[in-house]
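First comes the structure, then the notes that go with it.
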Amino acid sequence: MSTALIVVDVQHDFCEGGSLAVEGGARVAQDVADLIGSGAYATVVATRDHHIDPGEHFSDTPDFVDSWPRHCVVGTEGERLHPPLTPEMFAEIFFKGEYAAAYSGFEGASADGVTLADWLRAEGVDTVDVCGIATDYCVRATALDAAGEGFAVRVLQGLTAAVSPDNLPRVHEEWTAAGVSTA
């Protein structure tokens, strides 16, 4: 069996200058690209928010908990991977949230309709390292769902950026309870 790197939602809209920017997003993009370039992982996949009409997930008066400004709309620059990341760096990309919020990468599917869990299993992956944006939302949900799917999970904290660092103690408690480790 093997370990895969899951890169969560490192997209223009979640990095500085984007419609829902997280401080440190551009740094995460660069650091993740460096890690991928090091060859440390034989299997690297990405998730991307891919919104068409996610309903109440978008709001003109967002609460920044359940509703958010428009972001990662299909066909916009905001939905694209943030440089220096490119689609060619990934064995597969899983799109999530066309018509729903979809925080977890495990809610997404490849362009061929294969879910992340099924794809990883088909590749013989039993362990995942998770990084990306945002620590307290999509990285959190992806790590918890990976553990729920039976994968051994480690979050690479230095390669994440949070919407609100105040949320991180609660997130770490959830991860610990689910058997997710951090590095």
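The values are calculated or read from the model by the stated rules, or taken from the named source; none is laboratory data. Everything quoted here is computed from the prediction, not taken from an experiment. FYI the Cβ positions are ideal-geometry reconstructions off the backbone, even for glycines, and counts take in every protein chain you see. Please note that ligands, DNA and RNA were not included when accessible areas were found on the heavy atoms of the full protein model with its side chains. Shrake-Rupley method; radii C 1.70, N 1.55, O 1.52, S 1.80 Å.
Take the residues in region 49-66 that are open to solvent by less than 20 Å² (accessible area, probe 1.4 Å) and under 24 Å from VAL28 (Cα atoms); name whichever of them is farthest from the chain's Cα centre (by Cα). Give the steps one after another, and end with the answer.
Taking region 49-66 and keeping what is open to solvent by less than 20 Å² (accessible area, probe 1.4 Å), we get 49, 51, 54, 57.
With under 24 Å from VAL28 (Cα atoms) added as a condition, the list becomes 49, 51.
On the way: ASP49: 8, HIS51: 14 Å.
Checking each candidate, the answer is HIS51.
When you scan region 83-93, do you find a residue that is touching a His at 6+ places or on another chain (Cβ under 7 Å), within 19 Å of VAL10 (Cα to Cα) and surrounded by 16 or more Cβ atoms within 10 Å (Cβ to Cβ), even just one? Reasoning before the result, please.
First, pick out the residues of region 83-93 that are touching a His at 6+ places or on another chain (Cβ under 7 Å): none.
Scanning region 83-93 turns up no residue that is touching a His at 6+ places or on another chain (Cβ under 7 Å), within 19 Å of VAL10 (Cα to Cα) and surrounded by 16 or more Cβ atoms within 10 Å (Cβ to Cβ).
The number of residues in region 97-120 being in a loop (DSSP other than H, G, I, E, B) and touching a Ser or Thr at 6+ places or on another chain (Cβ under 6 Å) comes to 2.
Among the residues of region 120-172, those identified as open to solvent by 20 Å² or more (accessible area, probe 1.4 Å), touching a Leu at 6+ places or on another chain (Cβ under 9 Å) and farther than 26 Å from ASP13 by Cβ are ASP126, GLU149. Taking residues in region 61-85 that are under 14 Å from GLY17 (Cβ atoms), and partners anywhere that are assigned to a loop (DSSP other than H, G, I, E, B) and polar (S, T, N, Q), the pairs with Cβ atoms closer than 8 Å and at least 6 places apart or on different chains are PRO69/SER19; PRO69/SER59; HIS71/SER19; GLY78/SER19.
Just give me the residues in region 160-179 being in a loop (DSSP other than H, G, I, E, B) and within 22 Å of HIS82 (Cβ to Cβ), in sequence order.
Start the filter on region 160-179 by keeping residues that are in a loop (DSSP other than H, G, I, E, B), which leaves 162-164, 179.
The answer is ALA162, VAL163, SER164.
For residues in region 25-39 being without any contact (Cβ under 8 Å) to a residue 60 or more places away in the chain and either in a helix (DSSP H, G or I) or open to solvent by less than 70 Å² (accessible area, probe 1.4 Å) (or both), which is farthest from ARG80 (Cα to Cα)? Full working, then the answer.
Kept after step one, since they are without any contact (Cβ under 8 Å) to a residue 60 or more places away in the chain, are these residues of region 25-39: 26, 29-30, 33-34, 36-39.
In the following step, the residues that additionally are either in a helix (DSSP H, G or I) or open to solvent by less than 70 Å² (accessible area, probe 1.4 Å) (or both) were identified as 26, 29-30, 33-34, 36-37, 39.
Details: ALA26: 13, ALA29: 12, GLN30: 15, ALA33: 15, ASP34: 19, ILE36: 18, GLY37: 20, GLY39: 23 Å.
Per the criteria, the residue is GLY39.
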